[in-house]
Structure formats: structure tokens, C-alpha cells
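Data first, discussion second: the structure below is written as C-alpha cells.
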Amino acid sequence: MRFYLSIPDLIEAGFEVLNPVQTNAYQMEPERLKKEFGQDITFWGGGVDTRTVLNLGTPQQVKDQVKKRIEIFNKNGGFVFNTVHNILPDVPPENIMAMIEALREI
């Protein structure tokens, strides 16, 4: 069973927060998650991809994704910003700063 298919079960069981939000997994696109489940659950995470963007992107790409993810997930509330997973040692410090700057600009 894919995790995506269990989200309705988690909601039905009374869960109010989903963490982690692995947006690069099958059928876990931010737009889809927010549209299908955003009225029923709070997303804690998914604010920036730690596998391809935060570690490999430019500071501008990091800022762009952070702002886009906030725009998607925060619509009508129900979002706590966090990265998709932990920040690993391969993330350049300037990308961490870009993420923080993007958050401050919102």
C-alpha cells in the first residue's frame, strides 16, 4: 500500500497533522495533497525538497521553491513550514540562508 492511499485512513482515525510530507513520493505532489486533504489535515513539512533543491539547487532556486510551497500549502491555513526531511551535510550554507531569507520575505 502506498502512503498516499492511507491519508484518508489517518484522517478518519483522528490524526490532525501529517509529518513528514515527502513531496517527491508517488502521488504526493503539493497541489494534489492540498486539494484533496488540505481541509482535513495540517501539513508539517514539504516546504523545500532536501534531495534535489536544498542540496543541489542555487540559492535562488531554493527561495523560489520555498515561496511556491508556502503559497500552495498555506492557502486557507493548515501548514507548518519544515523541510521534506532533515537538512543533511551536503547542503551548502548559502542555501540554508536562502531558505531562511525566503521565509522572512513572506
Among the candidates Val91, Val80, Val48, Val84, which residue alone is in contact with a strand residue (DSSP E or B) (Cβ under 6 Å, 6 or more places away or on another chain) and aliphatic (A, V, I, L, M)? Val80
Residue list for the range 20-49, restricted to those being modelled with pLDDT of 95 or more and farther than 20 Å from Lys67 by Cβ: Glu36, Phe37, Gln39, Asp40, Ile41
Over the range 74-102, the set of residues among the aliphatic types (A, V, I, L, M), over 12 Å from the mean Cα position of the chain (by Cα) and farther than 13 Å from Lys63 by Cα is Ile87, Leu88, Val91
Could you tell me which of the residues Gly57, Gly47, Gly14 is surrounded by 21 or more Cβ atoms within 10 Å (Cβ to Cβ), part of a loop (DSSP other than H, G, I, E, B) and among the small types (Gly, Ala, Ser)? Gly47
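Can you pull out every residue in the range 89-104 that is in contact (Cβ under 8 Å) with a residue 24 or more places away in the chain and either at positive phi or in a helix (DSSP H, G or I) (or both)?
Residues of the range 89-104 in contact (Cβ under 8 Å) with a residue 24 or more places away in the chain: 90-92, 94-99, 101-103.
Glu94, Asn95, Ile96, Met97, Ala98, Met99, Glu101, Ala102, Leu103, listed by residue number.
The values are calculated or read from the model by the stated rules, or taken from the named source; none is laboratory data. As the structure is a prediction and not an experimental result, all values here were calculated from the model. Cβ: placed from backbone, ideal geometry, glycine included. Neighbour counts: every protein chain shown.
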